[in-house]
Amino acid sequence: MDQSVSTKANSSILEVWGGTPLQGKVNISGAKNSALVLMAGALLCSEPCRLRNVPSLADIQGMAKILKALGVKIKQDNDVLELDPTHITTTDAPYELVSKLRASFFAIGPLLARMGVAKVPLPGGCAIGARPVEIHVRGLKQLGAEVYIEHGVVHAYASKLKGAKIYLDYPSVGATETLMMAATLAEGETVLDNAAQEPEVADLANFCISMGAKITGAGTKTITISGVPKLHSTDYNIVPDRIEAGTFLMAGAITHSDILLSPVVPDHLTAVIAKLRSIGFQLTPDAQQGLRIQSKGVHTGTEIETLPYPGFPTDMQSIFMALLTLSEGNSVVTETVFENRLGHVPELVRMGADIRVKGNIAVIHGVPFLSGAPVTGTDLRATAALVVAALAAKGKTSIEGLQHLDRGYSDFEQKLRGLGARIERVPAPNA
Ligand code: EPZ
């Protein structure tokens, strides 16, 4: 993350006065987890590319810096990014930039496939887990690359990658994306079995196909890639952010409001929509690519288990839990994707929630109300969950940890204010 941005985010807090019903329409930005990997995917191409609907986020700035350091020329005009990767000047991704942005590891596949060499520091862990990359590395070796890790840097070499049949031990989103990109320029056919099926994986495949790649089955468990000699330029529109959309659905639900989100692809949120309907909310897709949420005033508890797509998304777990704290009844939330993603629980308890944690399972006893309090977000989605809880809490909540929030939500408080929320970003008391 850009130092000046994080310092500014670090030195400000959000103040939220809860209890105000929301109304109106909110615009959903392009998907962070698609934009980041598509920017890295542009490294596969030896001609300029254009990406549209790119969200304005700290992480996007971070990825742009890394690509520039590799020699990519980048111009940005609002949500349009012009990327010219014609002249890659180095295949060494700089540690000081990579260490700040896990997604920069996505550069390894395209650099190796196009340049035959890549040196990318290990992304390392974060608040939600160790986040190893052995599935990425093992797959690149199966494509014929020589890969070793030295002094925290992954070194990969291959004069020409060769297609292979690869079974992923776990349907990792990042590993599927890395191997799919690497295989686009490999000799022959690659089959990825037990692949991740997330919409962002399908969006990456469509982006590569628009550059001339031969890929079938993206979005299913089995992806087949027939390598091609080179890719050509493209002008590509990124899908809407399903997690940002899910977050606004929770904001509408917890305040028992009637709001419209657009653009949204409802199919990308099937598990979330099904759970919201099962606890009492009405969700109506509309013709203009919108999704409307309405409430009946109360909602019940439920059971959630996070799983790879199309299961319930781990990125929505904390935010849905905020809603369940005010359910009529009890809920059980089991986090199976990341080993340390319940960091938001103590902060929700500080606001009066009744949650007990055992390992990766949280048992939530619904309470009649939450109370405003000073809380701190520990990661991106944990901080978003605290904002959502604060929208329903009595009195004022002050939220620290905005350096996390700004990584994944563009104009978050402005969009909420547009729906009538009482929310403000102010300098941190002792900043
Ligand atoms: C992507 O991370 C997303 N990030 C995450 O979103 C999201 O939570 C995750 O997919 C799961 O949906 C981006 O797309 C930039 P994984 P990624 O590889 O690719 C383990 C957000 O909030 N694993 O599917 O890193 C891993 O440790 C972020 O926007 C291995 O063990 O996720 C984890 O427990 C957070 N070995 C599980 O698999 C490997 O080689 C899922 O990881 C790779 C992964």
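What does the charge add up to near Lys75, with Lys and Arg as +1, Asp and Glu as -1, over the other residues with Cβ less than 10 Å from its Cβ?
Numbers: positive: Arg50, Lys73; negative: Asp77, Glu82, Asp84.
Taking every Cβ under 10 Å from that of Lys75, the sum is -1.
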Considering only the chain, what is the antiparallel percent among its DSSP beta bridges, to the nearest 5?
-> 70
Quick calc of log₁₀ I(q)/I(0), segment 146-188, Debye, one scatterer on every Cα, no solvent, q values 0.17, 0.25 1/Å, result -0.59, -1.06
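For the chain, calculate the relative contact order in percent as a whole number, restricting contacts to Cα pairs under 8 Å that are 6 or more residues apart.
Values: 1067 pairs, mean separation 90.1, N = 431.
Worked out over the chain, it gives 21 percent.
With a 1.4 Å probe and all protein chains in place, put His256, His344 in order of accessible area, largest first.
On the way: His256 65, His344 5 Å².
Greatest to least solvent exposure: His256, His344.
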For Tyr95 the rounded accessible area (nearest 10 Å², probe 1.4 Å, non-protein molecules ignored) is 140
Here the Kirkwood hydrodynamic radius of segment 244-400, Cα-based and in Å, equals 15.4
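For segment 32-237, which whole percent of the accessible surface, found with a 1.4 angstrom probe, sits on carbon and sulfur atoms? Write out the running numbers ahead of the final one.
Details: 4090 of 7760 Å².
Roughly 53 percent, rounded to a whole number.
For Ser257, Ser11, give the ranking by accessible area with the largest first, probe 1.4 Å. Please list the in-between numbers first.
Values: Ser257 5, Ser11 45 Å².
Of Ser257, Ser11, the descending order of accessible area is Ser11, Ser257.
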Of Gly163, Ala195, Ala58, whose Cα points farthest to the positive end of the dipole of segment 32-237 (charges on the beta-carbon: +1 Lys, Arg; -1 Asp, Glu; origin at the Cα centre)?
-> Gly163
19 Å reach of a label modelled at Lys221, 7 Å along Cα-to-Cβ, counting backbone N of segment 150-177 = 165-177
Relative to the compact-globule scaling 2.2 N^0.38 Å, provide the ratio for the alpha-carbon radius of gyration of segment 32-237.
-> 0.91
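On average over all directions, what projected area in square nanometres does the chain have, based on the convex hull of its Cα atoms? Walk me through the numbers before you get to the answer.
On the way: hull surface 75.3 nm².
Result: 18.8 nm².
What trypsin sites (Lys or Arg not before Pro) does segment 273-317 have in DSSP loop regions with at most 12 other beta carbons within 10 Å? Display every interim value, and only then the final one.
On the way: sites: Lys275, Arg277, Arg292, Lys296; in loops: Lys296.
Here the trypsin sites (Lys or Arg not before Pro) that fit, given the DSSP loop and packing criteria, are Lys296.
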When ligands, DNA and RNA are left out and all protein chains stay put, how many square angstrom of accessible area per residue does segment 260-322 have with a 1.4 Å probe?
-> 40
Listed by chain and number, the aspartates and glutamates with an alpha carbon less than 14 angstrom from that of Lys119, same-chain partners under 8 positions apart left out, are Asp92, Glu96, Glu146, Glu150
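Report the relative contact order of segment 116-215, percent, no decimals, based on alpha-carbon pairs under 8 angstrom and at least 6 residues apart. Kindly include the intermediate steps, with their values, before the conclusion.
Working: 148 pairs, mean separation 24.9, N = 100.
Result for segment 116-215 is 25 percent.
With an 8 Å cut-off on Cα pairs and a minimum separation of 6 or more residues, tell me the relative contact order of segment 32-237 in percent. Don't skip to the end; give the middle numbers.
On the way: 472 pairs, mean separation 43.1, N = 206.
Value for segment 32-237: 21 percent.
About its Cα centre, how strong a charge dipole does the chain have in debye, to the nearest 20, once Lys and Arg get +1 and Asp and Glu get -1 at the Cβ?
Details: 39 positive and 41 negative charges, 30 e Å.
With Lys and Arg at +1 and Asp and Glu at -1, about 140 debye.
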How much accessible surface area, in Å² rounded to 10, belongs to the heavy atoms of Met115 with a 1.4 Å probe?
-> 80
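Can you tally the lysine pairs in segment 165-283 where the Cα-Cα distance is under 25 Å and the two residues are eight or more apart, or on different chains?
On the way: Lys165/Lys214; Lys165/Lys221; Lys165/Lys230; Lys214/Lys230; Lys221/Lys275.
Going through segment 165-283 pair by pair, I get 5.
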Heads up, I need the accessible area for Glu400: 1.4 angstrom probe, whole protein in place, Å², nearest 10.
-> 90
What is the antiparallel percent of DSSP beta bridges lying wholly in segment 32-237, to the nearest 5?
-> 75
For segment 344-420, the percent of accessible surface on carbon and sulfur atoms (probe 1.4 angstrom, ligands and nucleic acids excluded) is 54
Ranking His365, His299 from most to least accessible area with a 1.4 Å probe gives His365, His299
Rolling a 1.4 angstrom probe over the protein heavy atoms, how many square angstrom per residue are accessible across segment 32-237?
-> 38
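I'd like the FRET efficiency for Val228 and Asp169, computed as 1/(1 + (r/R0)^6) with the beta carbon distance as r and R0 of 25 Å, rounded to 0.05.
On the way: r = 28 Å, r/R0 = 1.12.
With R0 = 25 Å, the Cβ-Cβ based efficiency is 0.35.
The values are calculated or read from the model by the stated rules, or taken from the named source; none is laboratory data. Just so we're clear, the structure is a prediction, and the values are computed from it rather than from any experiment. Neighbour counts are summed over all protein chains in view; Cβ atoms, including those assigned to glycine, are modelled from backbone coordinates with ideal geometry. With ligands, DNA and RNA removed, areas are computed over all heavy atoms of the protein, side chains included. Shrake-Rupley method; radii C 1.70, N 1.55, O 1.52, S 1.80 Å.
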